[in-house]
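**Q** Please see the structure below; I have some questions.
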């Protein structure tokens, strides 16, 4: 598990977990935290308990992510597996987690108003506004973008995210995150997420980008793009978690 110095604070616990030190085997080796990728559900629950204990949380809420832009306000009565891609909460000791394998996990912390958010930002969700909808939801429950600190966690880098011209059409003219490398179009997902956070009112100095490429560091992270080329897309999902103390 790694942490972002940007949201390190005694009032909040957070971590970007990798794929190691869990109970799963095979393509899911070993800290797979998703119940929706074919792994043994009982083993996944053991992995989630490892994460919950590390967070010292009363419970851990995860999502059945659908690559959309819906964000829900959750509390200690909320069950996991809602079909959404972001959550926010003001409830202490409730950990909220994002599952990824190349998509960008974003953890949010309003240090003044004491509320947190967690976003699953794959390209579809990011293009459809999941980041903006999460910031709006934080504002609705008392947050202020000027006080929100954000950490974009390990995800696929631009160098390894080759796309085609049709892909670019999904971004409605926001072509600020594409580059031609060796005559091929590439997409910069972390930069796109950062720009949408800035558009939502966050200060540039309050945004951290963790410089880890999940496609390259496959020893420590799951990568769906690599799995899609080598194991028919079968792989686990790492988890990124934040919790108010």
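**Q** Suppose we filter region 221-232 for residues that are in contact (Cβ under 8 Å) with a residue 24 or more places away in the chain and surrounded by fewer than 15 Cβ atoms within 10 Å (Cβ to Cβ); how many remain?
**A** 1
**Q** Residue by residue through region 134-145, note down the ones that are surrounded by 19 or more Cβ atoms within 10 Å (Cβ to Cβ) and either within 18 Å of residue 68 (Cα to Cα) or under 16 Å from the mean Cα position of the chain (by Cα) (or both).
**A** Of everything in region 134-145, those that are surrounded by 19 or more Cβ atoms within 10 Å (Cβ to Cβ) and either within 18 Å of residue 68 (Cα to Cα) or under 16 Å from the mean Cα position of the chain (by Cα) (or both) turn out to be 134, 135, 137, 138.
Matching residues to (1) buried (at least 19 other Cβ atoms within 10 Å of the Cβ); (2) without any contact (Cβ under 8 Å) to a residue 12 or more places away in the chain; (3) more than 24 Å from residue 16 (Cβ to Cβ):
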position: 147; (1), (2), (3): no, no, no
position: 159; (1), (2), (3): no, no, no
position: 177; (1), (2), (3): yes, no, no
position: 189; (1), (2), (3): yes, no, no
position: 204; (1), (2), (3): no, yes, no
position: 207; (1), (2), (3): yes, no, no
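**Q** Within region 107-144, work out how many residues are farther than 13 Å from residue 206 by Cβ and assigned to a strand (DSSP E or B).
**A** 7
**Q** Also, quick follow-up: State all residues of region 24-40 that are assigned to a helix (DSSP H, G or I) and farther than 30 Å from residue 127 by Cα; if no residue qualifies, say none.
**A** 26
**Q** Somewhere in region 56-65, is a residue surrounded by fewer than 20 Cβ atoms within 10 Å (Cβ to Cβ) and within 16 Å of the chain's Cα centre (by Cα)?
**A** yes
**Q** Based on what the data block shows, is residue 235 surrounded by 14 or more Cβ atoms within 10 Å (Cβ to Cβ), in contact (Cβ under 8 Å) with a residue 12 or more places away in the chain and within 18 Å of residue 134 (Cα to Cα)?
**A** Against the criterion (surrounded by 14 or more Cβ atoms within 10 Å (Cβ to Cβ), in contact (Cβ under 8 Å) with a residue 12 or more places away in the chain and within 18 Å of residue 134 (Cα to Cα)), residue 235 does not qualify.
**Q** Output the number of the condition that residue 169 fails; it satisfies all remaining conditions of (1) in a helix (DSSP H, G or I); (2) surrounded by fewer than 19 Cβ atoms within 10 Å (Cβ to Cβ); (3) in contact with a helix residue (DSSP H, G or I) (Cβ under 9 Å, 6 or more places away or on another chain).
**A** (3)
**Q** I've got another one for you. Just for strands (runs of 3 or more DSSP E) wholly inside region 177-245: which have at least 2 residues that are within 30 Å of residue 39 (Cβ to Cβ)?
**A** Where strands (runs of 3 or more DSSP E) fall fully within region 177-245 and carry at least 2 residues being within 30 Å of residue 39 (Cβ to Cβ), they are 238-244.
**Q** Closer than 18 Å to residue 194 by Cα, at pLDDT 95 or above and crowded, with 24+ Cβ neighbours inside 10 Å: does that describe residue 86?
**A** When the stated conditions are applied, residue 86 passes them.
The values are calculated or read from the model by the stated rules, or taken from the named source; none is laboratory data. Predicted, not measured: the structure shown is a model, and the values here were computed from it. No Cβ is skipped: glycine too gets one built from the backbone with ideal geometry, and neighbour counts run over all protein chains shown.
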